[in-house]
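The structure that follows is given in the form of structure tokens.
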Amino acid sequence: MRFDTNAVHAGQDPDPQTGAVNVPVYLTSTFVQSAPGVNRGFDYARTNHPTRAALERSLAALEGGVGALAFSSGLGALTNLALHLPRDARILAGEDLYGGSYRLFEHLRDRGGPRTEYVDLSRPETLAERLRERPSAMVYLESPTNPLLGLADIAEVARLSREAGALTVVDNTFATPCFQQPLALGADVVLHSTTKYLGGHSDVLGGALVFREKSLYERMRWLQNAVGAVPGPLDCYLVLRGIRTLGLRMRAHAANAQAVAEALEGHPRVARVLFPGLPSHPQFALAQRQMSGPGGMVSLELKGGEPEARAFLSRLRIFLLAESLGGVESLVESPALMTHQSIPAAERRRRGIADGLLRLSVGVEDREDLVADVRQALEG
Ligand SMILES: *Cc1c(COP(=O)(O)O)cnc(C)c1O
């Protein structure tokens, strides 16, 4: 089945007992056994749970994986993945990264756990060099990245990593499986913060891992239970409910983001606009090849730096000032002051995150209203 059909149906068969068309929210932590160890496939909710199992089947179908695991948040998913690696493992991570992922990698390093080094993955030749130096267990990347919306050639990164014996893990939170399917491009694992577009309504936290290969899935499934950072039944239901309209929403987010990016670009007060759907994006050709849509995230820098950025924020009427992204409502945030403040200031600037950078999560409101809102906030 194609994407939109899977989004509505995969993993979400009507309830065999009652015919309910929606997956029931089983509010139970344990399941009755007819004799010790004899059950109907479920014994304790941390290990396996029917509402979670439905979500996991849906996620596996959307990303084209052999299996998926749901977690209580995106960082919960990343923590599980990191715990799978040996203590002396080396991680090569893309340089532009969600601040919380960076914070976790730094913490692990400080505790003598896996050591993360950062690479500019927009240039695969740099990765090839770093992979030759010493063995790596995992190459970890976002594409598009948060917050600079840079891309990595996933097929090329996966090919280089495989040659060097490293796993390729792609955080697909920004593109979603609607616009980009990393497993089909050769990646081994896809990570999601389902808090964002998959949930889609800013009402739930969740995370997921989706696997290309059975044995890693089985080992991670063991760890999912051993660690216990699993989502509750209602959270699973909310993500499943969001997934049903993912295609509709992503096409609306992308069309609105395109209009907003075009309105911002070339405005005398705007220094630069970062959006994979603009021909001015340095990797526009790669975006066209690798993604079936540009996504709904737009970053911009104003000429007046941080003071102008603060004034722009205060003038916006529809875009709400808040962390997070991917909900139906438009949000705006300052990476340096909010989502990425866990990266030290000097390191942030070196990576290109200026203090005046703003990140827009363009929602599904009326396109003309959104364009008018950014225009009036620029003129003010
Ligand atoms: C939000 C986010 C995360 C972390 O997910 P949580 O659900 O907040 O733990 C990871 N990666 C990206 C790209 C994100 O935007």
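Work out how much length V371 to K214 would gain on full extension: take 0.36 nm times their residue separation and subtract the Cα-Cα distance, in nm to one decimal. Walk me through the numbers before you get to the answer.
On the way: separation 157, 0.36 × 157 = 56.52 nm, distance 4.60 nm.
Gain on stretching V371 to K214: 51.9 nm.
Let me ask you something else. By DSSP, what percent of the beta bridges with both residues in the chain are antiparallel, rounded to the nearest 5?
Beta bridges within the chain, antiparallel portion: roughly 55 percent.
Take peptides 301-314, 30-43 and line them up by average Cβ neighbours within 10 Å, highest first, as a rough protection proxy. Before the final figure, lay out each step's value.
Numbers: 301-314: 16.3, 30-43: 10.6.
In decreasing order of mean packing, 301-314, 30-43 become 301-314, 30-43.
Rounded, prolate or oblate: which fits the range 213-304, taking a ≥ b ≥ c as square roots of the Cα gyration tensor eigenvalues, rounded meaning a/c under 1.5, else prolate when a/b beats b/c?
Values: a/c = 2.51, a/b = 2.19, b/c = 1.14.
Prolate shape, in that a/c is at least 1.5 and a/b is the bigger ratio.
Counting other Cβ atoms within 10 Å, keep those with at most 14, restrict to DSSP loop, and tell me which trypsin sites (Lys or Arg not before Pro) in the range 85-130 are left. Numbers along the way, then the final one.
Values: sites: R87, R90, R103, R109, R111, R115, R130; in loops: R87, R111.
Taking the range 85-130 and a limit of 14 other Cβ atoms within 10 Å, the loop trypsin sites (Lys or Arg not before Pro) found are R87, R111.
Of the DSSP beta bridges with both residues in the range 154-286, give the percent that are antiparallel, rounding to the nearest 5.
Of all bridge pairs located within the range 154-286, approximately 60 percent are antiparallel.
For a quick protection proxy, order the peptides 365-371, 294-300 by their average other-Cβ count within 10 Å, most packed first.
Details: 365-371: 14.9, 294-300: 27.4.
My ranking of the peptides, most packed first, is 294-300, 365-371.
For labels at A285 and E323 in the simple 7 Å Cα→Cβ model, what's the distance in nm?
Distance between label points: 3.9 nm.
Can you classify the range 1-128 as rounded, prolate or oblate using the Cα gyration tensor, where a ≥ b ≥ c are the square roots of its eigenvalues, rounded means a/c under 1.5, and otherwise it's prolate if a/b beats b/c and oblate if not? Before the final figure, lay out the partial values.
Values: a/c = 3.20, a/b = 1.73, b/c = 1.85.
Cα axes put the range 1-128 in the oblate bin.
For the range 199-238 and the range 150-172, write down the distance between their C-alpha centroids in whole Å.
Each part reduced to its Cα centre gives a spacing of 22 Å.
Still on this structure: When the solvent-accessible surface of protein heavy atoms is calculated with a 1.4 angstrom probe, in what order do S143, S73 fall, highest first?
Values: S143 0, S73 30 Å².
Result, largest first: S73, S143.
Follow-up question, since we're still on this one. Counting only the heavy atoms of the protein chains, how much of L337 is accessible to a 1.4 Å probe, in Å² to the nearest 10?
Its heavy atoms expose roughly 70 Å² to the probe.
While we're looking at this one, here's another question. Do the sum for the chain: with -39,500 (n - 2.57) for every DSSP H run of n ≥ 4, divided by all residues, what is the mean residue ellipticity at 222 nm, to the nearest 500 deg cm²/dmol? Don't skip to the end; give the middle numbers.
On the way: 14 runs with 149 residues, N = 380.
Using -39500 (n - 2.57) per qualifying helix, the result is -11500 deg cm²/dmol.
Taking 0.36 nm per intervening residue step and subtracting the Cα-Cα distance, what contour gain separates T126 from R272 on full extension?
Numbers: separation 146, 0.36 × 146 = 52.56 nm, distance 2.58 nm.
Extra length available between T126 and R272 comes to 50.0 nm.
How many nm is it between the label spots at E306 and V227, if each spot is 7 Å from the Cα in line with the beta carbon?
The two pseudo-label positions are separated by 3.5 nm.
For L92, L108, what's the largest-to-smallest order of accessible area, 1.4 Å probe? Please list the in-between numbers first.
Working: L92 0, L108 35 Å².
The residues order as L108, L92, largest area first.
Starting from the Cα-Cα distance between V8 and E106, subtract it from 0.36 nm times their residue separation and give me the gain in nm to one decimal.
Length difference between fully extended and current span is 31.4 nm.
Same structure, new question: Taking the Cα atoms only, what angle lies between the long axis of helix 99-110 and the longest principal axis of the chain, rounded to 10 degrees?
Computed tilt is about 70 degrees.
Right, next: For the pair N22 and D43, what calculated FRET efficiency results from E = 1/(1 + (r/R0)^6), where r is the Cβ-Cβ distance and R0 = 22 Å, to the nearest 0.05?
Working: r = 25 Å, r/R0 = 1.11.
Given R0 = 22 Å and the Cβ-Cβ separation, E is 0.35.
Based on the alpha-carbon gyration tensor of the range 246-379 and its eigenvalue square roots a ≥ b ≥ c, which shape applies: rounded if a/c is under 1.5, prolate if not and a/b is larger than b/c, or oblate? Mind dumping the intermediate values first?
Details: a/c = 1.44, a/b = 1.20, b/c = 1.20.
Rounded.
Starting from a Cα-only point model with no solvent, please compute log10 I(q)/I(0) by Debye for the chain at q = 0.09 1/Å.
Debye curve over Cα of the chain, log10 I(q)/I(0) at q = 0.09 Å⁻¹: -0.51.
To the nearest 20 debye, what is the magnitude of the charge dipole of the range 3-243 about its Cα centre, counting +1 on the Cβ of each Lys and Arg and -1 on the Cβ of each Asp and Glu? All intermediate terms of the calculation are to be shown ahead of the outcome.
Working: 22 positive and 26 negative charges, 129 e Å.
With Lys and Arg at +1 and Asp and Glu at -1, about 620 debye.
Then there is this: On a 0 to 90 degree scale, rounded to 10, what angle separates helix 50-63 from the longest Cα axis of the chain?
So the inclination is approximately 50 degrees.
So how long is each side of the range 176-233 along the principal axes, counting just the alpha-carbon atoms, biggest first, in Å?
34, 30, 12
The values are calculated or read from the model by the stated rules, or taken from the named source; none is laboratory data. Here the structure is a predicted model, which means the values were calculated and not measured. Quick reminder, even Gly has a Cβ in these numbers, built from the backbone with ideal geometry, and neighbours come from all protein chains shown. The area values use the complete protein model at the heavy-atom level, side chains included, leaving out ligands, DNA and RNA. Shrake-Rupley method; radii C 1.70, N 1.55, O 1.52, S 1.80 Å.
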